[in-house]
Amino acid sequence: MQFVRYTDGTAPTWGVKDSSTIHALSGVPEGEPTLGEISNRTYRSRVTTLVESDTLTQVGADEVSLLAPVPRPGKIVCCGLNYRDHADEQDEEIPDQPMLFGKAPTAVTNPGDPIVHPDPDKEEVDYEVELGVVIGERGKDLTESEAYEHVAGYTVVNDVSGRTAQNADGQFYRGKSYDTFAPMGPTLVAGADFDPNSVDVELRVDGEVRQASSTDQFIFDVGELVAYISQSMTLRAGDVISTGTPGGVGIFRDPVEVLEPGQTTAAEIEGIGSLTNPVVDDAHLDRS
């Protein structure tokens with residue numbers, strides 16, 4: 001089931017996307033869902049019945065603007081080097097445990113909104129298509145089997161990276177956290193029909209395929225990753241785990257192919273959709 005957060009120019013609201021139609025969840029008796037309710041199969045079953053019976057108000061998907069499913073995560077926890085093909089392109093050994101780093105929640109931006117390049121003359125801006133895991137229920141010290149019960153759903157994250165800052169600092173946080181460097185969406189997929197550990201992932205720049213792989217290349221699958229993170233920190237509803245990127249990132253291409261203003265990225269994951277964002281220069285940044 002594809003949940004979407006969207007706006008028609010008024011307040012953001014939740015719906016369920018079915019092909020080109022969105023069914024407004026404001027009409028569900030309980031009102032709009034929490035992430036905890038989205039993670040609950042009983043709630044999803046009731047919503048399925050309402051959608052199939054055409055009970056809910058409908059709107060065309062092309063008549064609204066889709067929004068990031070989690071506009072301000074409590075935290076964004078990222079996993080580096082989690083695809084075998086990405087390790088290969090860096091000549092790195094397969095890690096024994098996940099390599100974690102953070103990304104500022106203020107980096108999140110919506111589908112269709114711009115990725116703002118901070119300085120085309122100095123910063124090398126890279127793309128990274130990643131499967132995003134959205135937490136729906138609080139969890140600590142989870143087992144791998146328990147981990148999935150705490151997931152609300154899955155989305156696409158483009159883990160945009162400032163490589164110059166990253167290399168200068170010797171760690172990732174600043175280079176990963178520029179405003180607009182975490183496009184997220186276009187949908188939040190929930191339910192057992194979606195297998196997060198076996199879906200195709202792809203990233204295109206101006207229509208050219210730069211990354212193409214599958215999450216079956218994961219070194220640490222979703223259950224392992226969520227459980228591992230929960231051993232160190234409490235996971236709460238609205239936290240996002242970005243599960244790593246496959247091979248083909250711009251900085252490791254020969255020649256290097258990083259992002260420039262005027263280009264457009266499309267990060268796509270099978271079953272979730274395509275997350276498209278134009279790249280603009282810093283002069284276009286809304287600082288309000």
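Values quoted throughout were computed directly from the atomic coordinates according to the rules given, and no laboratory measurement underlies them. This is a predicted model, so every value here is computed, not measured. Virtual Cβ from ideal backbone geometry, glycine too; neighbours counted across all protein chains shown.
Before moving on, here are some points about what is shown:
- Annotation for Lys122 and Asp62: the two label points, set 7 Å from Cα along the Cα-Cβ direction, are 4.3 nm apart.
- Loop-located chymotrypsin sites (Phe, Trp or Tyr not before Pro) in region 108-167 whose Cβ has at most 15 other Cβ within 10 Å (DSSP): none
- Paramagnetic label reach from Glu89 (point 7 Å along Cα→Cβ; backbone nitrogen cut-off under 11 Å): within region 101-142, residues 127-129.
- For Gln263, distant residues with modelled amide H under 5 Å away: Val279
- Under the convention that each Lys and Arg Cβ holds +1 and each Asp and Glu Cβ holds -1, the size of the dipole of the chain around its Cα centre is about 1100 debye.
- Couplings 3J(HN,Hα) for region 152-163, derived from phi with the Karplus relation 6.51 cos²θ - 1.76 cosθ + 1.60 (θ = phi - 60°), are 6, x, 10, 9, 9, 10, 9, 7, 4, 9, x, 5 Hz, where x marks Gly and Pro.
- Note on Glu144 and Ser53: the model spin-label points, each 7 Å out from Cα along the C-beta direction, lie 4.1 nm apart.
- Footprinting exposure proxy ranking of Asp113, Asp62, fewest other C-beta atoms within 10 angstrom first, gives Asp62, Asp113.
- Interchain or long-range residues, amide H under 5 Å from Asp18's placed H: His23
- Dipole of region 131-284, positive end: most advanced residue of Val133, Gln166, Pro246 [Cβ charges, Cα centre]: Gln166
- Dipole magnitude of region 174-239, debye to nearest 20 (Cβ charges: Lys/Arg +1, Asp/Glu -1, about Cα centre): 400 debye
- Going by neighbour counts of Cβ atoms within 10 Å, the residues Met99, Met233, Met1, Met184 line up, fewest first, as Met233, Met99, Met1, Met184.
- Sparse-neighbour loop sites [trypsin sites (Lys or Arg not before Pro); region 131-208; at most 16 other C-beta within 10 Å; DSSP]: Arg138, Lys140
- Electrostatic bookkeeping for Met99 treats Lys and Arg as +1 and Asp and Glu as -1; over the other residues with beta carbon under 12 Å from its beta carbon, the sum is -3.
- Relative to the longest principal axis of the Cα atoms of the chain, helix 41-52 runs at roughly 70 degrees.
- Of the residues Asp141, Asp239, the one with the fewest other Cβ atoms within 10 Å heads the list, and the complete ranking is Asp141, Asp239.
- For Arg138, the residues 5 or more places off, or on other chains, whose built amide H falls under 5 Å of its own are Ala237.
- Considering only Gln263, Leu225, Tyr6, and ranking their Cα positions along the charge dipole of the chain that arises from unit charges at the beta-carbon of Lys, Arg, Asp and Glu, the one farthest toward the positive end is Tyr6.
- Between Asn167 and Thr7, the modelled label-to-label distance comes to 3.8 nm, taking each label 7 Å out from Cα in the direction of the beta carbon.
- A Förster radius of 35 Å combined with the Cβ-Cβ distance from Met99 to Asp193 puts the calculated FRET efficiency at roughly 0.70.
- Across all directions, the average flat footprint of the convex hull enclosing the Cα atoms of the chain is 14.8 nm².
- Computed from the C-beta positions of Ser232 and Asp200, the FRET efficiency with R₀ = 22 Å rounds to 0.10.
- Size of electric dipole in region 2-67: Cβ of Lys, Arg +1 and of Asp, Glu -1, about Cα centre, debye, nearest 20: 260 debye
- The distance separating the Cα centre of region 93-110 from that of region 8-59 comes to 30 Å.
- Charged neighbours of Leu142, selected by a Cβ distance under 12 Å, balance to -4 (K, R count +1; D, E count -1).
- The alpha carbon convex hull volume per residue for region 1-154 rounds to 167 Å³.
- Rounded to the nearest 10 degrees, the inclination of helix 222-232 to the longest alpha-carbon principal axis of the chain is 80 degrees.
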